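What follows is a short report on a single structure.
The values are calculated or read from the model by the stated rules, or taken from the named source; none is laboratory data. What you see is a predicted model; the values in this text were computed from it and never measured. Glycine gets a Cβ as well: all are built from the backbone with ideal geometry, and neighbour counts include every protein chain shown. For accessibility, only protein heavy atoms count, side chains too; no ligands or nucleic acids. Shrake-Rupley method; radii C 1.70, N 1.55, O 1.52, S 1.80 Å.
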Amino acid sequence: MRQTYATRQATGTWKALINQIVDVQGRTIADIGVGGGIYAKALIDMGAAQITCVDSSEVMLEDAQSKLKAQRNVSYVKAEAIQTGLDAQQFDIVLQRALIHHISREELGACFTEAFRILRPGGMLIIQDRTPEDCLLAGSQTNIRGYFFARYPKLAKQEVARRYDNATVMGELHQTGFRVVQKRQLWETRQIHMNFAALEQDLNARAGRSILHELTDEELRDLNDYIHRQLDGDHQAIVEQDRWTIWSAMR
């Protein structure tokens, strides 16, 4: 799955929402769970002064470094989100995008405590992930993921089990000591498929869709047929989106 996000870019809607939350211009930022560096690159483009990319995977850090090799003022740290080893109170912003569903319930508070520790007073933590509510939205021409769970409820059960609801995230943030905690929702374009055949190819590759690895090849073919029946036309472009919840919390 190393190349899963290699060609993706952060959308304009994502950048606009982040700018509503906090002014990125000239800020020092830690991207915790940086992955392939897509959102670190976006923050640089938005005017961030310095980015520290943190990930527990050496492979992901190598991919981020490759993507950001033309950028100055970027550093890389191999570390866990609950113990980054970074100096205290050195960042204006900490980003945790698509991270917390990888964090166990026992360590969620520690993850937020570490972010609190490395933020300067008045600094902002931004968390982006899907809640169970986000995951279980009905399938549609744009919300293709919803059809996965309608056809295979076993996938829904597994997906929801690894996601945190809003009350849990908000409660942990307040308990950690963050103030002015807010929740927003964002429909973010995942990919534009020129027709159903392009979507089917993407689904068959299971690209960026770890949940589909739970299906056999036969089940995946059945899922494709099911989605095909739900959509209007073979040749119509499909603008695929995912709904995310974004929390912002001030130190």
Review point. Hey, what did the chain get for relative contact order, percent, Cα under 8 Å, at least 6 apart?
Key: 20 percent
Point to revise | Residues of the range 207-251 with amide N under 14 Å of a point placed 7 Å along Cα→Cβ from T189 | key: 237-242
Check your understanding: Taking Cα atoms of the range 133-217, Rg/Rh with Kirkwood Rh, to two decimals?
Key -> 1.06
Practice item. Taking the dipole about the Cα centre of the chain, with the C-beta of Lys and Arg at +1 and of Asp and Glu at -1, give me whichever of I126, Q230, G26 is farthest to the positive side. Key: G26
Practice item. Could you run the Karplus curve 6.51 cos²θ - 1.76 cosθ + 1.60 with θ = phi - 60° over the range 135-151 and give me ³J(HN,Hα) per residue in whole Hz, x for Gly and Pro? Key: 5, 9, 5, 4, x, 7, 4, 9, 8, 5, 4, x, 5, 4, 7, 5, 7
**Study point:** Selected from T13, T176, T113 as most flexible by GNM, with the chain as the system and alpha-carbon contacts under 10 Å
**Key:** T13
Check your understanding: For the range 1-119, rounded, prolate or oblate, judged on the Cα gyration tensor with a ≥ b ≥ c (square roots of eigenvalues), a/c < 1.5 rounded, else prolate if a/b > b/c?
Key -> rounded
Study note, to complete from the structure: In whole percent, the Cα-Cα distances of the range 119-158 spread across 10 Å bins from 0 upward as 26, 38, 15, 15, 6
Practice item. Work out the length of the dipole vector of the chain about its Cα centre, built from +1 on the beta-carbon of each Lys and Arg and -1 on the beta-carbon of each Asp and Glu, and round it to the nearest 20 debye. Key: 640 debye
Practice item. Would you mind checking the pairs K67/K154; K15/K154; K69/K183; K41/K154; K157/K183 and listing those with alpha carbons more than 29 angstrom apart? Key: K67/K154; K15/K154; K69/K183; K41/K154
**Study point:** Span-rule helices in the chain, defined as complete DSSP H runs reaching 18 Å or more along the axis (Cα) with Kyte mean at least -1.0
**Key:** 105-118
Check your understanding: Highest mean first, what order results for 43-52, 210-219, 89-98 on Cβ atoms within 10 Å?
Key -> 89-98, 43-52, 210-219
Study note, to complete from the structure: Spelling it out for N143: with amide H atoms placed in the peptide plane at 1.01 Å from N, the residues 5 or more places away or on another chain with amide H under 5 Å from its amide H are Q241
Check your understanding: Once the Cα gyration tensor of the range 108-251 is found, what semi-axes does its equivalent ellipsoid get, as square roots of 5 times the eigenvalues, in whole Å, sorted largest first?
Key -> 35, 16, 12
Review point. For the range 21-149, what % of the accessible area comes from carbon and sulfur atoms, probe 1.4 Å?
Key: 46 percent
Review point. What is the packing order of peptides 115-121, 126-132, taking the mean over residues of other C-beta atoms within 10 Å and listing the highest first?
Key: 126-132, 115-121
Review point. Quick one, which of (1) 119; (2) 146; (3) 129 is the actual volume of the Cα convex hull per residue in Å³ calculated for this model?
Key: (1)
Exercise for review: Name the residues whose placed amide hydrogens come within less than 5 Å of the amide hydrogen of Y76, ignoring near sequence neighbours (fewer than 5 apart) on the same chain.
Suggested key: C53
Review point. Of all DSSP beta bridges in the chain, what percent run antiparallel (nearest 5)?
Key: 50 percent
Review point. Rounded to the nearest 500, what is the chain's calculated 222 nm mean residue ellipticity when only DSSP H runs of at least 4 contribute -39500 (n - 2.57) each, over all residues?
Key: -11000 deg cm²/dmol
